[in-house]
Amino acid sequence: MHIKKSKSRIAFEIFNTLFMLFLIVITAYPVLYVVFASFSDAGALTRLGGDMLYKPIGFTISAYEKAFANPNILSGYMNTLFVVVVGVTLSMLFSIVAAYCLSRKNAAFIRPANILIMFTMWFNGGLIPMYIAVRDIGLVGSLWSLIIPGLINTYNMIILRTAFYSVPDSLVESARIDGAGHIRILFSIMLPLIKASVAVVALYYGVSYWNSWFNASIYLQGQSQKWPLQLILRQIIIMNDTDSMMQGVGAGDKEQIGESIKYAVIVIATAPILCVYPFIQKYFVKGVMIGAVKG
């Protein structure tokens, strides 16, 4: 049965469509600008000034060739991949176990434990005590200093705990009657039922580890061979450190080529996350909503 729409409804849908298209344009264009600029000729890009860019000008991949000429780019990629893979694996394992324990309503001291854990979301010891703690356990100068100090994020753990709350108690009781222990209940019953939340939290951890640079700047000072990609990106973008990628470039062209290299490095550092996100997007809204409406 076709329901005739009122004029106000039609006007609202038109306005809503135009507004959403406007939002898409203003959010997508900066990304496209960076991509187009990275493939543009450095001289033409400089002459363009601050004008709009709708396609690469003088298509070239020289900026990427010079970016990968920096040995720290490849080592940064390897360091970041290690931190992301190992960090996400360990963070998910510990967060899942902690969330499961805190979701057991009949366990002892659950309420005080939840309060203490929630306390850490708003208060911490500060940078200097954290550095001293990391130094005293021997992690300064190691890639593990980028993983272990922030192994569990309280917010992510709470999302998982709330998702565990949503699993009916009858399933757990039935499993216990059949002789299943906590490990079997957790990994065979609970986790498959909250895979949307698990995917969302894994994405949160992955993006956090991938974008992390501050801890590396504190714990890996003077060890550029261990720097993650984002810290190298910071050196190139903010500190304007492009000298290692300028072999054979005239002094007058360095500034122009340096700008195109910066755009290329941004694309190199961002592309992996953009490629992974579409595969877990379908879980994102569902997983977030589970953690938002139950508590």
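The values are calculated or read from the model by the stated rules, or taken from the named source; none is laboratory data. Please read these numbers as outputs of a predicted model, since none were measured by experiment. All Cβ positions, even for glycine, are placed from backbone atoms using ideal geometry, and neighbour counts span all protein chains on display. Side chains are part of the model used for accessible areas, which takes the heavy atoms of the whole protein and leaves out ligands, DNA and RNA. Shrake-Rupley method; radii C 1.70, N 1.55, O 1.52, S 1.80 Å.
Below, the figures for the structure above:
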item: Principal axes of the chain: Cα extent on each, largest first, Å; result: 76, 71, 33
item: Between region 107-124 and region 1-51, the alpha-carbon center distance in angstrom; result: 44
item: Label-point separation, Val167 to Leu127 (7 Å along Cα→Cβ), nm; result: 4.1
item: Quotient of Cα Rg and 2.2 N^0.38 Å for region 1-139, N being how many residues it contains; result: 1.84
item: Å² of accessible area per residue within region 42-135, as computed with a 1.4 Å probe and no ligands counted; result: 62
item: Separation of the Phe279 and Glu65 label points, Cα + 7 Å toward Cβ, nm; result: 3.2
item: Equivalent ellipsoid, region 1-48 (semi-axes from 5 times Cα gyration tensor eigenvalues, Å); result: 42, 9, 7
item: Exposed-loop-free span, longest in the chain, where chymotrypsin sites (Phe, Trp or Tyr not before Pro) count as exposed if DSSP calls them loop and at most 15 other C-beta atoms lie within 10 Å; result: 124-295
item: Lysine pairs meeting the criterion (Cα under 17 Å, 8 or more apart or interchain), as found in the chain; result: 8
